[in-house]
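Chemist: The structure that follows is given in the form of structure tokens.
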């Protein structure tokens with residue numbers, strides 16, 4: 001699909017913290033950092049993307065451990081019930097509901113994507129160098145990897161991890 005548009009989001013748990021955004025449009029990646037949900041929703045509304053790939057647990061109701069979280073633990077995924085993850089899970093789930101008005105929303109996990117693709121490194125600048133992408137922050141890099149996962153999803157090169165309580169999209173092994 002030549003005119004594929006994907007929005008990748010590395011969501012912060014709190015709006016005062018930076019959220020990385022990556023937009024794939026016309027085969028070009030655009031990176032930025034935002035804070036507020038309103039900014040994210042404005043971008044999604046204006047872009048009308050094909051896919052929104054977001055790094056946050058998405059679930060209904062109170063944060064709980066899902067099958068996807070258990071499977072992704074091998075990639076160092078934090079459980080949604082961890083005190084620091086609860087605000088992210090709540091914010092992300094509400095935001096995903098709003099974003100779904102504009103596009104298909106998929107949950108992704110950039111660390112798993114990087115590890116599966118063999119590009120993972122503890123220093124995010126090393127991953128950016130491997131991918132040949134200029135980022136200002138780790139959040140922008142993670143948003144880029146979210147976008148990349150969305151692109152792989154569109155190409156049928158991903159698999160679903162989880163069950164009816166939540167699906168996370170990762171590259172096929």
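Chemist: Where does each of 155, 28 land when they are ranked from fewest to most other beta-carbon atoms within 10 angstrom?
Modeler: 28, 155
Chemist: So if I average 1/r over every pair of distinct C-alpha atoms in region 84-123 and take the inverse, what Kirkwood radius in Å does that give?
Modeler: About 12.1 Å, per the Kirkwood formula over Cα pairs.
Chemist: Let me ask you something else. For region 52-140, what ratio Rg/Rh do Cα atoms give with a Kirkwood hydrodynamic radius?
Modeler: That ratio is 0.99, to two decimals.
Chemist: Measure of size requested: the Rg and Dmax of region 38-103, with Cα atoms as the atom set and Å as the unit; please supply both.
Modeler: So, for region 38-103, Rg and Dmax equal 13.1, 37 Å respectively.
Chemist: Region 38-79 to region 104-156: how many Å between their Cα centroids?
Modeler: 14
Chemist: Over the chain, calculate the relative contact order: mean separation of alpha carbon pairs under 8 Å at least 6 apart, over the residue count, as a percent.
Modeler: For the chain, the relative contact order is 30 percent.
Chemist: Right, next: Given the rule -39500 (n - 2.57) for each run of at least 4 DSSP H residues, summed and divided by the residues of the chain, what is its mean residue ellipticity at 222 nm, to the nearest 500 deg cm²/dmol?
Modeler: -11000 deg cm²/dmol
Chemist: Shifting gears a bit: Could you tell me what a quarter of the Cα convex hull surface of region 128-173 works out to, in nm² with one decimal place?
Modeler: On the way: hull surface 16.2 nm².
Dividing the Cα hull surface by four gives the mean projection, 4.0 nm².
Coordinate-derived values only; no laboratory data. Predicted, not measured: the structure shown is a model, and the values here were computed from it. Note: ideal-geometry Cβ built from the backbone for every residue, glycine included; neighbour counts use all protein chains shown.
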